[in-house]
Amino acid sequence: MAKEKERETEKEKKMFIGVAWNCAAELKFLITALLFVCSLVTVLQFLPSRFSLSASDLRDCVSNVPTAIAAITNSTAAIAAISNFTTAQAHALPPPLSLSPPPTPSPPPPPSHQRDLVLDGGIIKRAFNPYGTAAYNFILMSAYRGGLNTFAVMGLASKPLHVFGNPSYQCQWIPHQGAAQQRPITTTGYKILTDWGYGHVYTVVVVNCTFPFPVGHDSSGGKLVLHASTNGGGDRDLNVTDSVEALNEAPGSLNPSHYTSPPKYDYLYCGSCLYGNLSPQRIREWLAYHVKLFGRRSHFVIHDAGGVHPEVMEVLKPWMERGYVTVHDIREQERFDGYYHNQFLIVNDCLHRYRFDAKWMFFFDVDEYIFVPPKSTIKSVTDSLLDYTQFTIEQMTMSGKLCLSDDLGRTFRKWGFEKLVYRDVQKVMRRDRKYAVQPRSVFATGVHMSQNTEGNTTHNTEGRIMYFHYHGTIAQRREPCRQLVNAPTITVDGNPYVLDTTLRDVAGTVKRFELKMIGPTLQRTRQ
């Protein structure tokens, strides 16, 4: 009996050892998991206080261990089953999938929170903890070549940084592989603030990058990188430098003759930002008038800041199809708080984008009409001013509501500049002027004139060229005539006006020109 009991006991031991041996992998994993949890609990005691891990988190972690064990057991069983496949079956399996890339590393921890300290002598040293960013260091809009060794970069930057700090710019040209010149070259960027202090949160910056010798001139391509440094502006303990890839020039894309060839256009219009609920009829009149004035070798660049709604686009389309108009959608710039829909930024982009495409570039608004006397042409006037890089244009301020009583009952049939015929003659110190430039000699520009030109500027253009300004009429979607007058002079709200039919007299010619150029497609355009 005793021997039988010993045999049974020995049999049970062997059974336990066999079971334990068969489950060795699972037991090893379980023991390893328990050791890891215990180690984790020990390590947590030494972590800083800002790192927290609750008991519920640990319970969740431990509760997932059996699930992980079950998954590994299933994987082990699946591997064992696969190993029983025949060699032919194994060759029939598809190749294993490639592993996914490692996860993106987590961002660095926030800076430690500074606390007030009591120093020797009882002095309390106060702490200041910065959070966030008030404005971007630099917002890139565009960059263009100005020749074989010079570039212009247009963008917005924090206005307080430029008013109260001293930020700087470095320009770097990095050749593409295979270029004759392999080493990058760096030069100091010359910044031009063009908005005369009108900026809001952001101001407009034009950075001129001129290298001591041509770069990328062999058409091998390269990158222009702008390094924008704050130099302690905003935080004297920091000098933040942001590297901006301003221009990437593909190999073979450079055409050196572009900078020396005669321009494509005689006259190019760089428009201000169009916004609001604009009148399609006023846009129609303005465009037909100026296409006729500037002629076939002219082009008009329209900037849509929200004002080119579907009805306005219908007016622009016939002229776009004939190659006279290009529309730029610039609505995205509304994100950034600059002066007047970032107007200074837009006109500088237009200047440098089309700098080598036009002989003369004009800057004025769509409620303003350029006029030259009947015995002159726009060509004769500009030819007489070729010795000047820039000339300004005298303003004639027109009423936006006074019309002739002779047009009673017919005002809706007449165009705006045809029926608004009273000119403001009140004496003032000065009126705003608009201007034209020979763009190849201009480095940056403004709204009413450029202050960054190579060459002379003249304001002595009275009698040779002027512009009639119908302020506010472009944004009215109704009949502009509010008061009909039958007198050569009248005073309204203290302002004296005189009858001036200068543009009224050419309205018929403009209408016939439009009909000849694009047909009757816009005859039913609404106010």
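The values are calculated or read from the model by the stated rules, or taken from the named source; none is laboratory data. Given the structure is predicted, the values throughout are model-derived calculations rather than measurements. Cβ sites come from the backbone with ideal geometry, for glycine too, and all protein chains shown count toward neighbours. In case anyone asks, the SASA skips ligands and DNA or RNA and just uses the protein heavy atoms, side chains included. Shrake-Rupley method; radii C 1.70, N 1.55, O 1.52, S 1.80 Å.
The table for this structure:
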{"read-out": "Those residues of segment 146-165 which are within 23 Å of Thr133 (Cα to Cα) and open to solvent by less than 10 Å² (accessible area, probe 1.4 Å), in sequence order", "value": "Met154, Gly155, Leu156, Ala157"}
{"read-out": "Selection from segment 349-368 of residues that are touching a Leu at 6+ places or on another chain (Cβ under 6 Å) and open to solvent by 10 Å² or more (accessible area, probe 1.4 Å)", "value": "Tyr354"}
{"read-out": "Residue in segment 458-468 that is in a loop (DSSP other than H, G, I, E, B), closer than 30 Å to Thr260 by Cβ, polar (S, T, N, Q) and at pLDDT 95 or above present", "value": "yes"}
{"read-out": "Residue within segment 269-279 that is over 22 Å from the mean Cα position of the chain (by Cα), modelled with pLDDT of 95 or more and closer than 20 Å to Phe356 by Cα present", "value": "no"}
{"read-out": "Test: residue in segment 473-486 that is touching a residue at least 40 places away in the same chain (Cβ under 8 Å), among the aliphatic types (A, V, I, L, M), part of a loop (DSSP other than H, G, I, E, B) and buried (at least 16 other Cβ atoms within 10 Å of the Cβ)", "value": "no"}
{"read-out": "Candidate set: segment 372-431, residues that are touching a strand residue (DSSP E or B) at 6+ places or on another chain (Cβ under 8 Å) and of a type in the set (D, E, K, R); chosen: the one surrounded by the most Cβ atoms within 10 Å (Cβ to Cβ)", "value": "Lys419"}
{"read-out": "Candidate set: segment 322-342, residues that are touching a residue at least 40 places away in the same chain (Cβ under 8 Å) and either surrounded by fewer than 23 Cβ atoms within 10 Å (Cβ to Cβ) or aliphatic (A, V, I, L, M) (or both); chosen: the one farthest from Ala444 (Cα to Cα)", "value": "Arg322"}
{"read-out": "Unmet criterion (only one of (1) over 19 Å from the mean Cα position of the chain (by Cα); (2) open to solvent by 40 Å² or more (accessible area, probe 1.4 Å); (3) free of Cβ contacts under 8 Å to residues at least 40 places away in the same chain) for Ser219", "value": "(2)"}
{"read-out": "The one condition in (1) in a loop (DSSP other than H, G, I, E, B); (2) modelled with pLDDT of 95 or more; (3) open to solvent by 10 Å² or more (accessible area, probe 1.4 Å) that Gly307 fails to fulfil", "value": "(3)"}
{"read-out": "Subset tally (residues that are among the polar types (S, T, N, Q), more than 30 Å from Asp357 (Cβ to Cβ) and not in a strand (DSSP E or B)) for segment 133-174", "value": "3"}
{"read-out": "Condition broken by Ala436, with the remaining ones in (1) of a type in the set (Gly, Ala, Ser); (2) more than 14 Å from Glu368 (Cβ to Cβ); (3) modelled with pLDDT of 95 or more satisfied", "value": "(2)"}
{"read-out": "Search result, residues across segment 275-307 that are touching a strand residue (DSSP E or B) at 6+ places or on another chain (Cβ under 6 Å) and more than 22 Å from Phe513 (Cα to Cα)", "value": "His303, Asp304, Ala305, Gly307"}
{"read-out": "Failed condition for Leu254, given (1) open to solvent by 20 Å² or more (accessible area, probe 1.4 Å); (2) touching a residue at least 60 places away in the same chain (Cβ under 8 Å); (3) under 30 Å from Thr188 (Cβ atoms); (4) not in a helix (DSSP H, G or I)", "value": "(1)"}
{"read-out": "Unmet criterion (only one of (1) over 16 Å from Gly221 (Cβ atoms); (2) surrounded by fewer than 11 Cβ atoms within 10 Å (Cβ to Cβ); (3) touching a residue at least 60 places away in the same chain (Cβ under 8 Å); (4) not β-branched (Val, Ile, Thr)) for Gly122", "value": "(3)"}
{"read-out": "Some residue of segment 432-451 being surrounded by fewer than 19 Cβ atoms within 10 Å (Cβ to Cβ) and over 30 Å from Tyr388 (Cα atoms)", "value": "no"}
{"read-out": "Test result for Thr525, surrounded by fewer than 19 Cβ atoms within 10 Å (Cβ to Cβ) and β-branched (Val, Ile, Thr)", "value": "yes"}
{"read-out": "Residue that is farthest from Pro373 (Cα to Cα), among those in segment 440-457 that are assigned to a loop (DSSP other than H, G, I, E, B) and of a type in the set (A, V, I, L, M, F, W, C)", "value": "Val447"}
